[in-house]
1. Around residue 140, under 12 Å between beta carbons, what's the net of Lys plus Arg minus Asp minus Glu among the other residues?
2. Which loop trypsin sites (Lys or Arg not before Pro) in region 95-138, with loop taken from DSSP, have no more than 15 other Cβ atoms within 10 angstrom of their Cβ?
3. Rounded to the nearest whole Å², what accessible area per residue is found for region 147-244 with the 1.4 Å probe?
4. Considering only protein heavy atoms, what is the solvent-accessible area of residue 170 at a probe of 1.4 Å, reported in Å² to the nearest 10?
5. In Å³ and rounded to a whole number, note down the convex hull volume per residue for the Cα atoms of region 96-244.
6. Within region 161-205, what residues put their amide N at less than 12 Å from the label point 7 Å along the Cα-to-Cβ vector of residue 222?
7. Hey, rough spin-label estimate for residue 83 and residue 126, points 7 angstrom out along Cα→Cβ, what's it come to in nanometres?
8. Can you give the charge dipole size of region 108-171 about its Cα centre, rounded to the nearest 20 debye, using +1 on the beta carbon of Lys and Arg and -1 on the beta carbon of Asp and Glu?
Amino acid sequence: VFLKTPKGVIRTERAESLAPAIAAVLQQMRGIVAQSEPFNPVTSTRRFVIGAPDGVSAVFLHPLLAQIKAEAPGLDIGIRQLLPAPDEIALDRAWRGAFTDLETRALDIAVIPVDAAPLRFSIRTLYKEDFVLAMRPDHAFRTTPTLDCYCDSGHLVVSLTGDPRGFVDEVLVSEGRSRRVQLTVPNFMFACAILAETDLICAIPRRFAMTYAARFGLVIENPPLPLSGFRLSAFVPKAALCDD
């Protein structure tokens, strides 16, 4: 289409013949963009789909709905539960499904524990999170909050697949310890309901615990071993921001 010459790059006859058609397409695109109205939350009636782990969406949903009611009353929200890919250690790989869903527009926003993403995504950190232990008020660990008592307790793990091994077990192995996981359940709300009726103990996100533990008659305690924290970030395709 173009040729390099001593005088610079020049168009070929092929380029000259294509120019009118290309110009027409560009003009049509400019017209479409000019006619489109920018996103206005006050008047918009769009439906946004947000993906997040259940322990995360349960934290941000109530304040989000309150803000939508006040500032964007016509918006509708759909929540999808996101889960990491099994047997993936690297976080960017474990949550690759969320990025695929964003690119295919199956999701509008993904809130996941990842600090970075490809440049085609916009990222905003929402909050920092860590884990606490949830249990009944009369649980033995409250009287003896030691690592020995923790390991001797019956444990509940939140796992959609039923896999009883979680990140806590990796930490325990590094300490030369282990625990018995007596029960797995698929989400944190179910976990709270079970904890209220048993002597099991469970590691759950701190903000989730602060929001819901008291509703189930549970108390929260700090773990007797270091459980690393993480940041929750919201991801949106940059192309979607340009569309709005």
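1. -3
2. Answer in residue order: 105, 120.
3. With all protein chains present, region 147-244 gives 51 Å² per residue.
4. Here the accessible area works out near 110 Å².
5. Enclosed volume per residue, from the Cα hull, is 124 Å³.
6. none
7. 2.0
8. 260
The values are calculated or read from the model by the stated rules, or taken from the named source; none is laboratory data. None of these values were measured; they are calculated from a predicted model. Cβ sites come from the backbone with ideal geometry, for glycine too, and all protein chains shown count toward neighbours. Ligands, DNA and RNA are excluded from the accessible area calculation, which covers all protein heavy atoms including side chains. Shrake-Rupley method; radii C 1.70, N 1.55, O 1.52, S 1.80 Å.
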